[in-house]
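Everything below concerns the one structure shown next.
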Amino acid sequence: MTSKIKNITVIVLILATFSCNGNSTEIIPNAPSNLATPTYTNVSISIDKAMYKPGDVVSFTIDNTTLPASAKVRYKYDNTIVSDVPLTASSWQWQSPADDYRGYMAEIYSITDNVETIYATIGIDVSSDWTKFPRYGFLSSFGSIDDATIHSVISNLSRYHINGLQFYDWQNKHHKPLPLNGSVPATTWKDIANRDIYFSTVQKYISTAHSFNMKTMFYDLVYGAWNNAEADGVSKEWYIYTDNTHSNIDLFSLNSPFISNLYFLDPGNSNWQNYMINETRNVYKYLDFDGYHMDQVGDRGIRYKYDGTSENLAGSFKSYIDAIKTAIPVKYNVMNAVAQYGQQGIAESGTDFLYSEVWSPSDSFSDLVNIIKQNNILSNNTKNTVLAAYMNYDNANNPGYFNTPSILLTNSVIFAFGGDHLELGEHMLCKEYFPNNNLTMKDDLKESLVNYYDFLVAYQNLLRDGGTFNTVSISSTDSKIGIEAWPASQGKVAVFGKKFDNKQLIHFVNFSNSTTQEWRDKNGIQVMPATIKDAKLLLTIPSTVKKIWVATPDFAGGASRQLNFNQVGNKVSFILPELRYWDMVVVEY
């Protein structure tokens with residue numbers, strides 16, 4: 001990455017309260033001088049795994065050609081320094097703490113003449129189970145691929161800390177995903193789009209992902225069959241029908257290059273469940289997948305079972321998921337809720353996290369938030385959310401580039417509210433058909449997304465591990481920032497809080513010069529927000545404040561920085577150093 005330096009300004013704001021003739025007047029004088037402003041130089045840094053178990057050794061590598069002899073590395077949990085040691089080589093190791101489900105930030109820095117320089121930062125996820133904080137990616141091409149390319153793809157995804165991979169359309173027939181030649185797997189087969197799939201490529205992707213501590217999930221519909229599935233043992237009594245006389249099987253009619261229609265079955269039918277349990281076992285017998293990514297296609301309208309009774313499709317998913325989970329309990333399961341269809345039953349089932357594919361009319365930033373919050377309620381706050389939310393959708397009909405501001409603004413909202421965005425694979429995702437790679441990431445987006453995923457990992461305990469969303473009483477005391485409580489409003493900075501026992505989070509998402517409030521930004525018209533610097537803020541809070549600190553993925557590589565503040569009664573004043581897309585301020589009591 002190209003080195004660059006960003007100024008970080010931290011200024012003190014003092015609030016004094018004077019009494020005159022019984023009337024209280026609040027005066028905010030100029031901030032006193034602070035320590036010299038730190039600088040940030042973006043030096044390339046990496047670790048050897050996407051995540052680690054408690055106590056695992058983390059191996060680091062950094063480009064140290066520009067580092068001074070005085071460089072040090074400090075490891076932080078939130079804003080607390082866990083350890084701080086000299087950096088003596090370009091490669092080193094750190095034994096992670098024994099605490100489970102923790103996110104850490106490693107900061108490479110030096111201090112000269114009271115001026116701090118931060119050279120690099122990187123997040124570290126220490127978790128025994130990836131589904132606690134899922135960061136989901138995908139793979140969508142399984143042709144003849146050499147080992148070096150496979151390693152490069154997985155290594156790149158590891159740098160974004162992707163800890164689970166959906167193997168999209170790796171299979172042959174949806175009702176018989178892994179074809180056999182006698183008693184051994186076929187070496188090649190066709191997927192439904194008539195693409196060549198190589199068993200060896202799927203196998204190598206799995207083993208390479210495992211070497212980076214990533215989990216692998218095989219994709220398949222919970223109720224799909226190809227033409228002539230009866231020859232493979234699928235009964236017509238298991239299908240769903242568009243009429244109550246079982247004359248017309250429900251289907252997707254697909255044209256060339258697709259080599260079959262997709263016919264739909266009843267996920268709640270126990271015979272179909274047993275059939276797919278056997279097929280799933282067959283997959284696990286020959287391929288070391290860690291779990292099953294289950295798909296659907298959304299609301300089919302009024303449908304019927306073979307016996308003419310109405311089909312409750314949304315209510316049938318839980319039965320299917322639990323049947324698979326009961327038969328094969330050692331594997332993970334997750335299911336796509338297309339436009340939230342069937343999510344209640346999915347959330348109550350044996351799924352390990354929740355996955356929502358977002359479609360209209362959920363087009364606003366607020367709609368994304370509502371989906372995450374709905375999933376929290378449905379799962380009693382026990383399962384985190386991944387959103388399959390396809391960006392710059394219309395632009396993806398032709399070759400071009402992703403709009404960097406729209407991606408970062410949408411990720412700011414998703415991450416700030418505790419979600420994850422399915423978007424990274426061999427390419428960035430832009431359509432529901434994952435092999436579509438018409439849009440390319442520009443270098444600035446690639447670089448920024450590294451910071452965003454470092455941030456998501458480093459502060460996962462604040463972003464995705466408890467707390468209660470709330471409204472905070474905060475206002476601006478100058479004209480630099482226009483604040484409005486969430487939901488998002490064009491032309492304003494949206495603010496919302498999250499309360500823990502001993503701290504209050506305040507998120508700032510910058511819509512001050514946004515060109516659209518639709519998260520998908522179909523035509524890529526979003527613009528980079530103008531950076532707001534040194535905004536004076538006044539917080540009303542009923543507790544005595546011990547510390548205030550800020551972190552943002554947009555500056556200083558996400559490193560946390562303590563802020564000076566002044567409290568008089570329940571009024572606390574401080575200065576927000578800078579805001580581009582998203583800032584997280586943490587007030588500790």
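Read-outs: derived from the displayed coordinates by stated rules, not from any lab. Keep in mind that this is a model prediction, so the values were computed, not measured. Cβ: placed from backbone, ideal geometry, glycine included. Neighbour counts: every protein chain shown.
Data table
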{"quantity": "Full-stretch length increase - residue 259, residue 80 - with 0.36 nm per residue and alpha-carbon distance subtracted", "calculated": "58.7 nm"}
{"quantity": "Degrees separating the helix 270-286 axis from the principal Cα axis of the chain, which is the longest one", "calculated": "70"}
{"quantity": "Cβ-derived FRET efficiency at R0 45 Å, residue 245 paired with residue 282, nearest 0.05", "calculated": "0.85"}
{"quantity": "The range 277-296-the range 37-57 distance, computed between alpha-carbon centres (Å)", "calculated": "33"}
{"quantity": "Phi to ³J(HN,Hα) by Karplus 6.51 cos²θ - 1.76 cosθ + 1.60 over the range 106-120, Hz, x for Gly, Pro", "calculated": "9, 10, 9, 8, 8, 10, 10, 6, 6, 9, 8, 10, 9, 8, 6"}
{"quantity": "Spread of Cα-to-Cα distances over 10 Å intervals beginning at zero, given as percent, for the range 126-267", "calculated": "11, 34, 29, 20, 6, 1"}
{"quantity": "Label zone at residue 447 (point 7 Å along Cα-to-Cβ), backbone N below 18 Å, the range 385-417", "calculated": "402-409"}
{"quantity": "For the range 474-491, Karplus couplings with θ = phi - 60° (6.51, -1.76, 1.60), whole Hz, Gly/Pro x", "calculated": "9, 9, 9, 10, 9, 9, 6, 9, x, 9, 8, 5, 3, x, 4, 9, 5, x"}
{"quantity": "For residue 428, distant residues with modelled amide H under 5 Å away", "calculated": "441"}
{"quantity": "Restraint check, 72/503; 190/305; 499/546; 325/431, Cα-Cα greater than 19 Å", "calculated": "72/503; 190/305; 325/431"}
{"quantity": "With eigenvalues of the C-alpha gyration tensor scaled by 5 and rooted, the chain, Å", "calculated": "47, 27, 20"}
{"quantity": "The chain: angle of helix 199-211 to the longest principal axis, Cα-based, in degrees nearest 10", "calculated": "30"}
{"quantity": "Mean-position separation - Cα centroids, the range 438-502 and the range 148-218, in angstrom", "calculated": "35"}
{"quantity": "Ranked list, fewest to most other Cβ atoms within 10 Å of each Cβ, for 43, 527", "calculated": "527, 43"}
{"quantity": "Relative contact order (%) - criterion: Cα under 8 Å, at least six apart; region: the range 39-126", "calculated": "36"}
{"quantity": "Added length on full extension, which subtracts the Cα-Cα distance from 0.36 nm per residue, residue 401 to residue 527", "calculated": "43.9 nm"}
{"quantity": "Whole-angstrom gap from the range 520-564 to the range 384-423, using each part's C-alpha centre", "calculated": "20"}
{"quantity": "Footprinting exposure proxy for 170, 549, 130 (fewest neighbouring C-beta atoms within 10 Å first)", "calculated": "549, 130, 170"}
{"quantity": "Share of alpha-carbon pairs per 5 Å distance bin for the range 322-423, given as whole %", "calculated": "2, 12, 22, 22, 16, 11, 7, 5, 2, 0"}
{"quantity": "Computed over the range 370-500, Cα set: Rg, Dmax in Å", "calculated": "16.5, 50"}
{"quantity": "Residues 92, 226, sorted so that the one with the fewest Cβ neighbours within 10 Å comes first", "calculated": "92, 226"}
{"quantity": "Principal semi-axes in Å for the range 253-299 [√(5λ), Cα gyration tensor, largest first]", "calculated": "23, 17, 11"}
{"quantity": "Relative compactness, the range 39-126, computed as alpha-carbon Rg over 2.2 N^0.38 Å", "calculated": "1.05"}
{"quantity": "Table column - 3J(HN,Hα) (Hz), the range 227-239, Karplus curve with 6.51, -1.76, 1.60, x for Gly and Pro", "calculated": "4, 6, 5, 4, 5, 9, x, 8, 8, 5, 6, 9, 6"}
{"quantity": "Cβ-Cβ FRET estimate between residue 110 and residue 144, R0 fixed at 45 Å, reported to 0.05", "calculated": "0.40"}
{"quantity": "Given charges at Cβ of Lys, Arg, Asp, Glu: the chain dipole, positive-most of 343, 98, 392", "calculated": "98"}
{"quantity": "Peptide ranges 532-540, 409-417, 466-474, 211-219 listed from the most packed, as the mean C-beta count within 10 angstrom indicates", "calculated": "409-417, 211-219, 532-540, 466-474"}
{"quantity": "Per-residue [θ]222 nm for the chain (sum of -39500 (n - 2.57) over DSSP H runs n ≥ 4, rounded to 500)", "calculated": "-6000 deg cm²/dmol"}
{"quantity": "Relative contact order of the range 340-489, pairs being alpha-carbon contacts under 8 Å that are 6 or more residues apart, as %", "calculated": "21"}
{"quantity": "Under-5 Å amide H pairs with residue 332, H placed in peptide plane, nonlocal only", "calculated": "291, 292"}
{"quantity": "Fully extended contour minus Cα-Cα distance, from residue 326 to residue 236, at 0.36 nm per residue", "calculated": "29.9 nm"}
